[in-house]
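What follows is one structure encoded as structure tokens, with my remarks underneath.
The values are calculated or read from the model by the stated rules, or taken from the named source; none is laboratory data. Computed from a predicted model, the values in this text were never measured in an experiment. Methodologically, a virtual Cβ is constructed for each residue, glycine included, from the backbone with ideal geometry; neighbour enumeration extends over all protein chains shown. To get the accessible areas, we keep the full protein, side chains included, count just its heavy atoms, and leave off ligands, DNA and RNA. Shrake-Rupley method; radii C 1.70, N 1.55, O 1.52, S 1.80 Å.
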Amino acid sequence: KKNLHLLSSEQVELAKMLMEMGQSHLFEKWAAPGVDDNEKKAFFDQVAKLNSSYPGGLKSYIKTARELLADSKAGKNPFDGFTPSVPTGEVLKFGDDTFINYEQAGVKEAKNAAFVLVAGGLGERLGYNGIKVALPAETTTGTCFLQNYIECILALQESSCRLAEGKCQEIPFAIMTSDDTHSRTQELLESNSYFGMKPTQVKLLKQEKVACLDDNDARLAMDPKNKYRIQTKPHGHGDVHALLYSSGLLKEWHDAGLKWVLFFQDTNGLLFKAIPASLGVSATKQYHVNSLAVPRKAKEAIGGITRLTHADGRSMVINVEYNQLDPLLRATGFPDGDVNCETGYSPFPGNINQLILELGPYMEELKKTGGAIKEFVNPKYKDASKTSFKSSTRLECMMQDYPKTLPPSAKVGFTVMDTWLAYAPVKNNPEDAAKVPKGNPYHSATSGEMAIYCANSLILRKAGAQVDDPVQEVFNGQEVEVWPRLTWKPKWGLTFSEIKNKVSGSCSVSQKSTMVIKGRNVVLEDLSLNGALIIDSVDDAEVRVGGKVQNKGWTLEPVDHKDTSVPEEIRIRGFKINKLEQLERSYSEPGKFSLKP
Ligand code: UGB
């Protein structure tokens with residue numbers, strides 16, 4: 001009370017609220033009036049921020065925390081009354097007619113879409129010192145994830161525009177950052193001229209952290225280093241919904257006539273190969289919510305898409321997080337829990353957290369909820385009495401839990417794609433990846449890069465080229481398939497039809513080969529590649545590449561992930577590229593050209 005004169009009237013209200021909500025301990029160690037006044041004011045600035053950035057404010061946060069902590073203490077099952085079953089969804093096969101038709105429909109719709117990347121996570125499991133979106137997706141070209149994402153969106157924009165006969169719209173791109181990633185994301189964009197996107201097309205939304213909790217009464221935790229600050233931790237990717245809503249961005253998109261919002265994560269170098277077809281599924285099936293999924297190995301660290309049916313008749317299709325699926329199955333009549341079925345995979349498709357939401361119904365729902373997502377709490381208790389925690393905890397939320405508040409009438413579906421086409425995230429550090437049980441994916445920088453070469457090789461094969469089989473090699477203790485290192489810019493071809501149109505005659509590629517296509521109108525025609533080939537060209541140049549390209553090429557040389565003389569982004573993959581010899585051509589003038597060595 002003796003410090004009240006320092007505060008504005010709003011801050012006085014916040015102080016009262018904290019006292020009423022059982023948070024008087026926050027002030028117990030405060031110095032006498034007149035001492036540390038600036039710190040005391042800063043404390044209330046922090047409280048005001050925590051209050052305004054949470055839907056319903058801090059009071060609501062503390063109330064929800066008490067309820068969830070009581071449920072957790074009582075061991076209440078969050079799925080009480082629900083029985084899981086395997087849902088049905090759209091299962092796509094790359095390159096068949098259905099797939100091609102969905103891709104076509106998706107490209108058409110893309111002009112009505114907005115993209116949202118959630119990139120607030122630090123990636124503790126990966127242990128990389130930089131931001132994850134700055135990591136090269138592959139090191140043949142060194143293109144980082146953010147550049148790849150932006151170039152894919154621009155390529156989609158152009159293809160969509162072409163189909164709409166020039167009625168073009170810029171596809172908006174929002175990135176959710178956090179204090180851990182915001183300035184470095186901004187710098188990465190600015191120092192690379194937004195990778196070709198217009199700066200106005202990109203919006204950064206920073207998520208705030210939430211207050212930590214010390215005990216089952218939801219007493220807010222003090223920052224261990226500062227008695228005038230509350231300790232905070234990330235709230236999870238679920239924040240993206242409240243941020244899109246409170247920033248007014250959703251309304252802006254809605255007013256501009258957009259129809260779809262596509263959410264994706266920070267390190268999946270394959271993702272956009274699956275986007276056109278899955279957007280096509282959303283548009284054709286009129287799904288309010290469409291989750292992208294891949295076949296999932298039992299107990300793999302990705303959530304399982306599950307139908308949950310309640311005893312009272314309610315039913316929903318929702319992601320059940322990987323640590324919850326096994327206990328849920330065991331508790332509901334599946335004594336073996338989460339196990340592979342005869343296909344060698346879990347019957348529950350794996351959620352890759354790529355969501356496509358129809359904007360109209362999404363806006364309507366958010367008007368009701370403000371974007372608040374059902375939260376959970378995961379305290380680490382000291383002992384079985386569950387009365388105290390090993391360290392402070394906080395409420396968390398996940399973006400894929402959005403459908404939990406939807407009415408049963410909502411059309412919630414999912415689309416299963418081949419893993420090789422759609423999903424290769426970079427999440428695990430080399431040590432942990434090397435310990436992954438055989439047959440399960442590593443999800444490391446090594447496997448993420450190899451997956452890109454594999455996918456590109458398989459796509460070219462399907463487009464008619466003869467591409468040699470991979471060889472097995474071990475990098476950073478992980479056995480991987482090494483395919484020819486084939487890469488191309490998204491504008492060369494994002495959909496299968498686009499790529500197929502650029503491969504003609506009888507083309508072949510040996511395993512040791514590397515190919516980098518940077519130009520838009522490059523056609524491979526009777527090309528026999530056994531080495532490295534790099535082609536760059538301006539958009540108005542049409543280059544036909546054929547004949548026999550033979551040289552020493554580029555090789556992969558193993559490096560040890562502990563060798564700190566090698567840059568971190570290289571050593572975490574366990575190899576570096578030795579550029580021995582290549583055929584490199586650049587076409588900087590418009591016109592028709594032919595390269596036939
Ligand atoms: N992220 C944020 O933007 N803010 C945060 O506070 C936290 C994260 P992780 P996770 O890929 O297959 C998810 O850590 O959460 C961003 C799904 O829940 O990589 O363990 C972060 O930057 C799971 O169902 O993954 O697991 C990143 O882009 C499964 O689908 C994204 O959120 C799994 O991903 C995901 O964060 C998957």
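Anything in the range 1-39 that is of a type in the set (A, V, I, L, M), assigned to a helix (DSSP H, G or I) and open to solvent by 60 Å² or more (accessible area, probe 1.4 Å)? List them, or say none. Selection gives LEU4, MET19. Evaluate the following for TYR102: is it open to solvent by less than 10 Å² (accessible area, probe 1.4 Å) and under 22 Å from PHE263 (Cβ atoms)? In short, no. Please find, within the range 248-264, the residue that is farthest from GLY106 (Cα to Cα) out of those that are away from the ligand (no atom under 16 Å from the Cβ) and outside any helix (DSSP H, G or I). Applying the filter and picking the extreme gives GLY248.
Residues in the range 411-440 that are open to solvent by 20 Å² or more (accessible area, probe 1.4 Å), over 26 Å from VAL317 (Cα atoms) and of a type in the set (A, V, I, L, M): 2 in all.
Among the listed residues ALA283, ALA301, identify the single one that is within 15 Å of the ligand (Cβ to nearest atom), surrounded by 15 or more Cβ atoms within 10 Å (Cβ to Cβ), among the hydrophobic types (A, V, I, L, M, F, W, C) and not in a strand (DSSP E or B).
Details: ALA283 fails: within 15 Å of the ligand (Cβ to nearest atom).
From the options ALA283, ALA301, the qualifying one is ALA301.
Go through the residues of the range 117-128 one by one and say whether even a single one is part of a helix (DSSP H, G or I), more than 12 Å from the ligand (Cβ to nearest atom) and open to solvent by 20 Å² or more (accessible area, probe 1.4 Å). Quick ask: steps written out before the conclusion?
First, pick out the residues of the range 117-128 that are part of a helix (DSSP H, G or I): none.
Scanning the range 117-128, I find no residue that is part of a helix (DSSP H, G or I), more than 12 Å from the ligand (Cβ to nearest atom) and open to solvent by 20 Å² or more (accessible area, probe 1.4 Å), so the answer is no.
Here the strands (runs of 3 or more DSSP E) wholly within the range 150-247 that include at least 3 residues being without any contact (Cβ under 8 Å) to a residue 60 or more places away in the chain and within 22 Å of the chain's Cα centre (by Cα) are 173-177, 202-206.
When the residues of the range 129-145 are filtered to those that are touching a residue at least 24 places away in the same chain (Cβ under 8 Å) and of a type in the set (Gly, Ala, Ser), the one that is surrounded by the fewest Cβ atoms within 10 Å (Cβ to Cβ) is GLY130.
Restricting LEU486, LEU494 to residues that are surrounded by 24 or more Cβ atoms within 10 Å (Cβ to Cβ) and part of a loop (DSSP other than H, G, I, E, B) narrows the list to LEU494.
Return the only residue of GLU375, GLU342 being farther than 30 Å from ALA70 by Cα and open to solvent by 10 Å² or more (accessible area, probe 1.4 Å).
Working: GLU375 fails: farther than 30 Å from ALA70 by Cα.
Residue meeting the stated conditions: GLU342.
Taking the range 503-597 and the strands (runs of 3 or more DSSP E) fully enclosed by it, the elements with 3 or more residues that are open to solvent by less than 20 Å² (accessible area, probe 1.4 Å) and under 30 Å from TYR128 (Cα atoms) are at 514-517.
Can you spot a residue in the range 467-479 that is of a type outside the set (Gly, Ala, Ser) and within 27 Å of GLN104 (Cβ to Cβ)? Yes, some residue in the range 467-479 is of a type outside the set (Gly, Ala, Ser) and within 27 Å of GLN104 (Cβ to Cβ).
Residues of the range 475-506 being over 27 Å from the mean Cα position of the chain (by Cα) and of a type outside the set (Gly, Ala, Ser), which ones?
We begin by selecting, within the range 475-506, every residue over 27 Å from the mean Cα position of the chain (by Cα); these are 500-506.
Once the filter is applied, which keeps residues that are over 27 Å from the mean Cα position of the chain (by Cα) and of a type outside the set (Gly, Ala, Ser), the range 475-506 yields LYS500, ASN501, LYS502, VAL503.
Given the conditions (1) out of contact with any strand residue (DSSP E or B) (no Cβ under 9 Å at 6 or more places or on another chain); (2) outside any loop (DSSP other than H, G, I, E, B), report the number of the one that LEU292 does not fulfil. So the condition that LEU292 fails would be (1). Taking (1) open to solvent by 30 Å² or more (accessible area, probe 1.4 Å); (2) within 20 Å of SER60 (Cα to Cα); (3) touching a strand residue (DSSP E or B) at 6+ places or on another chain (Cβ under 8 Å) in turn, GLU358 satisfies each apart from (2).
For ILE275, the stated conditions do not hold, so it cannot be described as more than 16 Å from the ligand (Cβ to nearest atom), touching a Cys at 6+ places or on another chain (Cβ under 8 Å) and either open to solvent by less than 30 Å² (accessible area, probe 1.4 Å) or hydroxyl-bearing (Ser, Thr, Tyr) (or both). The C-beta contact set for the range 413-438 (first residue within 12 Å of LYS273 (Cβ to Cβ), second residue assigned to a strand (DSSP E or B) and more than 14 Å from the ligand (Cβ to nearest atom), distance under 9 angstrom, 6+ apart or interchain) comprises MET417/VAL91.
Each residue in the range 539-578 was checked for being acidic (Asp, Glu), touching a residue at least 12 places away in the same chain (Cβ under 8 Å) and within 23 Å of GLY448 (Cα to Cα), and 4 of them qualify.
If only residues of the range 40-51 that are without any contact (Cβ under 8 Å) to a residue 60 or more places away in the chain and surrounded by 13 or more Cβ atoms within 10 Å (Cβ to Cβ) are counted, the one that is nearest to GLN207 (Cα to Cα) is ASN51.
Can you spot a residue in the range 76-96 that is within 16 Å of the ligand (Cβ to nearest atom), part of a loop (DSSP other than H, G, I, E, B) and more than 22 Å from GLN286 (Cα to Cα)? Yes, that holds for at least one residue.
Taking residues in the range 351-369 that are free of Cβ contacts under 8 Å to residues at least 60 places away in the same chain, and partners anywhere that are aliphatic (A, V, I, L, M), the pairs with Cβ atoms closer than 8 Å and at least 6 places apart or on different chains are GLU365/LEU406.
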